[in-house]
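Below is one structure; the comments refer to it alone.
None of the figures in this text is laboratory data; all of them are computed from the coordinates on show. Quick caveat: nothing in here was measured; it's all calculated off a predicted structure. As a convention, Cβ positions derive from the backbone with ideal geometry for all residues, glycine included, and neighbour counts pool all protein chains shown.
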């Protein structure tokens, strides 16, 4: 998640000082943001240097004077470009469970059926949890939160269907022999989280375990 | 029965949801009920009126008559009755109802009258007369008459002192009105009271009475008195018996039976329709019903639900049927009155409401609905709850049709064996054949469809195949529809064959009857009971004419043998063969007529021989006015006047001795050589002016008239066939409509992919036509079998009728079948073509 | 304490020589107030299991106990009575009687059971309220949306206050939004009224509402998943809601 564009988007609404920006971060999206005040300050400073934002000093009687930031035309253009650029989601090439499954098919102490089964139980538990959250959430008052939960639900659903597919394919996969060289190109796992977090990765213990 | 309320509600809503189908199905019930109701409010009324006119319904406590209805001498019976304990007063009466000549009556619209001869003094001890105007009869009155006060309504010119002529056995007589009785009574048959001698003279029965009326002592036990009277008189007499049986009665009763049978057949076809509809309904609602089972409805509840629905249709249909029946009865009376009168003159046709008629029509209507609904309802009860969850699956029919085909073929083979056996077995065979055809029909649909579709392709090149496969989808329904049409057409062929055969018979017999030059007939030639004939004066006067060479007469009495009614005709064996003859099947003209002159002998008709199991030379103990007498059978033969009835010919001498009858009811005469028809006729007519109860015919003309009237009566047969065909047409209409309702969505698809309105119309028309051809094909088969069976049965009745293959009937049946099909197809085809494509596609 | 229990439940089709097992020795039990989802690929026998539990069909062998009664040995009328009084069904195709209004449809099982019409309608109204359909009581099925029809069908299942409700793909014929509504209503009957509920579905989103998911394959249970209660809700919130930010 980009701190830079979040700040620009907020400033696009109205000029704000640094502390206000920090509060808005959390409240609008009804989520806990992994961002520190220092990070906000440094980002603002960098943007000021780049001419994306500007500030005025607001005098205050009961508090120290503050810098009230506002967006510049250049910043607005930059923000607009960001909005208009579609996001490319990474596929699960980096998914640990995927590796686990493929390896278990190739042979291991635990058969792939059980690997799938264990994963499925967890996915259902997560789906159950999200479903309950969703039931307890009022869509009219907490829309962003509902949207997020829906997204989680659908990804979980997709994962579950994928597991179903895998199960259906298992009888065929038993006879699968992996090609020797060259190694599977798309099979190399990446250990680090991508900027866009994937729902199951974010929620489930499995991929992080 | 809270459930029943709910089910009625649901049934009503379902019925309301498919109004057109409901209407068509209900019509089936309407029709049968209407027919039965119409018949039962007209004919029994006629019979009742008739019986009433004959039975001695008087104000007396008890009446005694001769068991044969014949007259007797008062001295032989009156004193015996007088002496019985409990009898307070006794009087002898001579009474008779008879038909008035159609023209020239002074009594307005009255078609017949009852004439009662009384002894005023003794009569007034037996019952009380109230005179509303004028005076009662005095013992020495002659030519005086007391008429009912109500007569003013039909003959306003009659008042005290007015005179009017009336027919009698010895020519016209004039009577003077002396009083009006306050007695109510039928205006179509007013009762006239006269002094006994006047009536005895009028009837040509001097010194005779035919009824004894009794007044009981106070507190006397009627049953005990009745027993004592019978003990005193012997079994030649009966108490309060009236004359329940008589020829017209039997004839009307027979037609009542036949007509009711037609009504039942119509209802049977109605049951077919309902069965068909409800089978469709059950298939349509398979899922609903399965759901109800799933949520806990028992089989019984489901069955009840469907039954309630069919019963509801039964109730609605029956109510409308009663109404329509009433209208039909009125129309029937209007339309049939002419034909009827020529045969059963004096039997008045009118509408008589009776609880019995209503109850029987209602019961039959409801029962039909219930019965027809029962099998689909039971099938509905067997629907598994799982049907609620499964997608509807097409019902497999192959096994069922195969087994019913086998059953049908077995039945038909059996039927053919029965048909060939002849006699009454043949009638059974005809019915079995029909049942076999109905059973086999579903199995025959496929092969027949294959057989006829090339024919269909001639007219409907592209649509024919589609129409055929549409029918084959529901072979059961197509079969039932075709069966309905089949029955209708089979009845048509049967009727045609019967008319053909009877016409043949009538012609053969007519040759025998009409050997004479002149035929002198009473108003009714089938019902002599109601006829006032003539005494010997007429025959004498005719014989005295120079233009006349021979005169022969028929006399009439009724009798019984082993509980079967017999008509007895008295002929003079010497003169009769000179003017007429009989068609003999045993014995011969010469020998039999000669034998008739010797001792107590009789010639019987074929019908009498077959019903009583009589043969030449048999001796029978015949009931007569003077006790049982033994007659020997000297011949079996009949003519056009008698072939429909169980009749005995005896000599007039024997009739006078045993039945106290000397009245001629029909005369035949031959002209002297050289006398022209016109001159002879004119001469006879001068004499007949005094006997207006008779009509004179030149035999040549009369023969034609008689044959024509008889044939006209056969029109009734065709009418009946028509009545059966109407529900068949309804059935066809119903099936086609249901087919279209079911396929609404399909028709939508056909239209959506580019089928024209005209093509859709042609598909439905082709379907109708195919059904019509099925029905006609089956109907021809069944009709031939049925007609063969029924006409075979004629011989069992003593009528030798050749079986003539009813070619015309078959052609008519095919044409009618196809026409009905095309006609029934018009509406459904049009509505199918006009379906809105979008709506049809969304139809569920 | 179980409400419903199956004992070696077996359903066999086909000939003796080549039997096809729709269900083979199925043993499972449903506790009071439990919401169980049965899942499995098509042809797994999950629907057969439900039908046998509801007495809609008869097993080849084995038993189904509804509380202390073995419904597999009952005659048809007794079984009908059990279905009427102790079991509520919800079907995929709603199966409402088209000529009856919503409330009349709901009252149907009560009326079949001999409850006088006014009382039956009153109780039906209450059941409709339970599924938020009180304002549609006098509408005919054709005037209701799919979701509304299914909720009416649920009300019908609830009306007789059955021991258990059996639902066969209740959302199979609905769009996802109506589907959510319908499952939410079902879940609520469990949470608010302690209703016991068994549901067959192939939709993970529907199954996720259940307390337990039973996976059936080839006529028998292959896996079972007891889902933990809502105490973990805050955990999700935490996990879902923590958005990692990076600069630029």
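Put simply, the C-alpha atoms of segment B:57-242 give a gyration tensor, and the ellipsoid matching it has half-axes of 30, 17, 14 Å, longest first.
With a Förster radius of 60 Å applied to the beta-carbon distance between residue A:41 and residue C:78, the computed FRET efficiency rounds to 0.15. With the simple model of a label 7 Å out from the Cα in the direction of the Cβ, residue B:823 to residue A:177 spans 8.4 nm.
Principal axis extents of the Cα atoms in segment B:523-693, from largest to smallest and rounded to whole angstrom, are 47, 30, 27.
Within the listed set C:44, C:86, C:15, the residue fluctuating most in the Gaussian network model of chain C (springs between alpha-carbon atoms under 10 angstrom) is C:15. Sorting A:128, A:175 from the fewest to the most surrounding beta carbons within 10 angstrom yields A:175, A:128.
Computed from the mean reciprocal separation of all distinct C-alpha pairs, what Kirkwood hydrodynamic radius does segment C:65-148 have, in Å? List each step's numbers first, then the result.
Values: mean 1/r = 0.0712 Å⁻¹.
One decimal place: 14.0 Å for the Kirkwood radius.
Protection proxy ranking for B:139-151, B:724-736, using the average of other Cβ atoms within 10 Å per residue and placing the highest first: B:724-736, B:139-151. When only alpha carbons are used to place a centre, segment C:10-79 and segment B:148-165 end up 93 Å from one another. How high is the relative contact order of chain C, given as a whole-number percent (alpha carbon pairs under 8 Å, six or more residues apart)? So the answer I get is 27 percent.
Quick one: B:498, B:486, A:154, fewest Cβ neighbours within 10 Å first, how do they rank? Write down the numbers at each step before the final one.
On the way: B:498 20, B:486 28, A:154 14.
Least crowded to most crowded, the residues run A:154, B:498, B:486.
Shape descriptor for segment A:3-84: Rg over Rh equals 0.96 (Cα atoms; Rh from the Kirkwood inverse mean 1/r).
Averaged over the residues of peptide C:93-100, the number of Cβ atoms from other protein chains lying within 10 Å of each residue's Cβ is 6. Expressed in Å, the radius of gyration and Dmax of the Cα atoms of segment A:48-132 are 25.7, 72. Averaging the sequence gap over all C-alpha pairs within less than 8 Å and six or more residues apart, then dividing by the number of residues, gives segment A:3-84 a relative contact order of 37 percent.
Based on other C-beta atoms within 10 Å, arrange B:192, B:414, A:8 from fewest to most.
On the way: B:192 20, B:414 16, A:8 23.
Neighbour counts put them in this order, fewest first: B:414, B:192, A:8.
Dividing the mean sequence gap of close Cα pairs (under 8 Å, 6+ apart) by how many residues segment B:57-242 holds gives a relative contact order of 38 percent. Looking at the square roots a ≥ b ≥ c of the eigenvalues of the Cα gyration tensor of segment C:2-241, which shape do they give, rounded for a/c under 1.5, prolate if a/b is larger than b/c, or oblate? It comes out oblate by the Cα gyration axes.
The fraction of Cα-Cα pairs per 5 angstrom bin, counted from 0 for segment C:7-116, comes to 2, 10, 18, 20, 19, 15, 10, 5, 2, 0, 0 percent, rounded to whole percents.
Shielding by partners for peptide C:101-111, expressed as the average number of C-beta atoms from other protein chains within 10 Å of each residue's C-beta, is 3.
Averaged over peptide C:54-65, how many Cβ atoms belonging to another chain are found within 10 Å of each residue's Cβ?
Across C:54-65, the average partner-chain Cβ count within 10 Å equals 2.
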